[in-house]
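Down below is the structure, laid out as structure tokens.
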Amino acid sequence: MLREPVSGIVTVSAGGLGGKTGRYEKRLSDLAGLYEDTAAYEEALAQLGDPLVYAVEDFRPNDQPGDLIYGVTRMVPGRIGDEFFLTRGHIHAKADRPEFYYGQQGKGLMQLESPAGETRIVEIGPQTICYVPPYWIHRSVNVGEEDLIMVFAYPSDSGQDYGIIESSMGMRHRVKVDGAGGWKLVENPAYQPRDRATINAIMTRYE
Ligand SMILES: O=P(O)(O)OC[C@H]1O[C@](O)(CO)[C@@H](O)[C@@H]1O
Ligand SMILES: [Fe+2]
């Protein structure tokens, strides 16, 4: 089927996408279990009244192989204890699908983890392109003091697998304040590395 071309205006300050086909929001209560400091999490929920942590507006033409989903993510600044606000994070269900991010505003990180547990960090500021290669688990972290706004695009049939982070008890590292206005990576002591069979299954999970 021949589709009509479209354009979408990105409203940077609001993280809005003109012509969007969908929007979803994640509030603090949706992010239970993601943060290390559960007492600080409960306290923030009680004190802040379930604030918005991130919102995504996207354009999804369809979910057919070969097509593209694009959108805008807005993440508010904040911390739970000494850990910066983050997205749930995932690997693509079709794990060989890549993703592209383009920073518009704010100061963020893309935290990437290979199936074997190697961590990479890509710092994302305005006009930074971040390429997430196939097979990398990815999560965004707002390490700044304003909203982090990023445009993204990924193949329509990628899908998201959130269970991969749950089953390893989180990602291998956590991003925390360094006490000097910046961030640092800290090992997650609960992390359960994937065994060889699991890694092999992920590396061959595609169509
Ligand atoms: O899907 P998550 O891990 O909750 O995080 C949201 C981010 O990932 C995406 O779903 C795209 O893969 C974006 O919409 C957004 O940047
Ligand atoms: Fe993704």
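Is it true that GLU123 is among the charged types (D, E, K, R) and crowded, with 20+ Cβ neighbours inside 10 Å?
For GLU123, the condition - among the charged types (D, E, K, R) and crowded, with 20+ Cβ neighbours inside 10 Å - is not met.
Failed condition for ALA116, given (1) buried (at least 16 other Cβ atoms within 10 Å of the Cβ); (2) out of contact with any Pro (no Cβ under 6 Å at 6 or more places or on another chain), with all others met?
In the conditions (1) buried (at least 16 other Cβ atoms within 10 Å of the Cβ); (2) out of contact with any Pro (no Cβ under 6 Å at 6 or more places or on another chain), ALA116 misses (1) alone.
Need at least 1 residues that are over 22 Å from ILE129 (Cβ atoms) per element, so show me which strands (runs of 3 or more DSSP E) inside the range 1-106 make the cut, counting only ones lying wholly within it.
By residue number, 22-27, 52-59.
Out of all the residues in the range 143-162, is one or more at pLDDT 95 or above, away from ligand 1 (no atom under 11 Å from the Cβ) and hydrophobic (A, V, I, L, M, F, W, C)?
Yes: the range 143-162 contains one or more residues that are at pLDDT 95 or above, away from ligand 1 (no atom under 11 Å from the Cβ) and hydrophobic (A, V, I, L, M, F, W, C).
When the range 79-90 is examined, which residues are found to be more than 15 Å from ILE149 (Cβ to Cβ) and more than 16 Å from ligand 2 (Cβ to nearest atom)?
Listed by number, the residues that qualify are ARG79, ILE80, GLY81, ASP82, GLU83, PHE84.
Taking the options LEU34, LEU17, name whichever one is modelled with pLDDT of 95 or more and touching a strand residue (DSSP E or B) at 6+ places or on another chain (Cβ under 6 Å).
Going through LEU34, LEU17 in turn, just one is modelled with pLDDT of 95 or more and touching a strand residue (DSSP E or B) at 6+ places or on another chain (Cβ under 6 Å): LEU17.
Mind listing whichever residues of the range 13-44 are away from ligand 1 (no atom under 15 Å from the Cβ), aliphatic (A, V, I, L, M) and closer than 17 Å to PRO77 by Cβ?
Those that are away from ligand 1 (no atom under 15 Å from the Cβ), aliphatic (A, V, I, L, M) and closer than 17 Å to PRO77 by Cβ: ALA14, ALA40, ALA44.
Mind listing just one residue for me: the one in the range 155-193 that is over 16 Å from ILE80 (Cβ atoms), buried (at least 18 other Cβ atoms within 10 Å of the Cβ) and more than 16 Å from ligand 2 (Cβ to nearest atom) and, of those, nearest to the chain's Cα centre (by Cα)?
If we take residues in the range 155-193 being over 16 Å from ILE80 (Cβ atoms), buried (at least 18 other Cβ atoms within 10 Å of the Cβ) and more than 16 Å from ligand 2 (Cβ to nearest atom), then ARG172 is nearest to the chain's Cα centre (by Cα).
Can you name the condition, by its number, that GLY49 falls short on among (1) exposed (fewer than 14 other Cβ atoms within 10 Å of the Cβ); (2) within 10 Å of ligand 1 (Cβ to nearest atom)?
For GLY49, the exception is condition (2).
The values are calculated or read from the model by the stated rules, or taken from the named source; none is laboratory data. Nothing here was measured: the structure is a model prediction, and the numbers come from that model. Note that each Cβ is placed from the backbone with ideal geometry, even for glycine, and that neighbours are counted across all protein chains shown.
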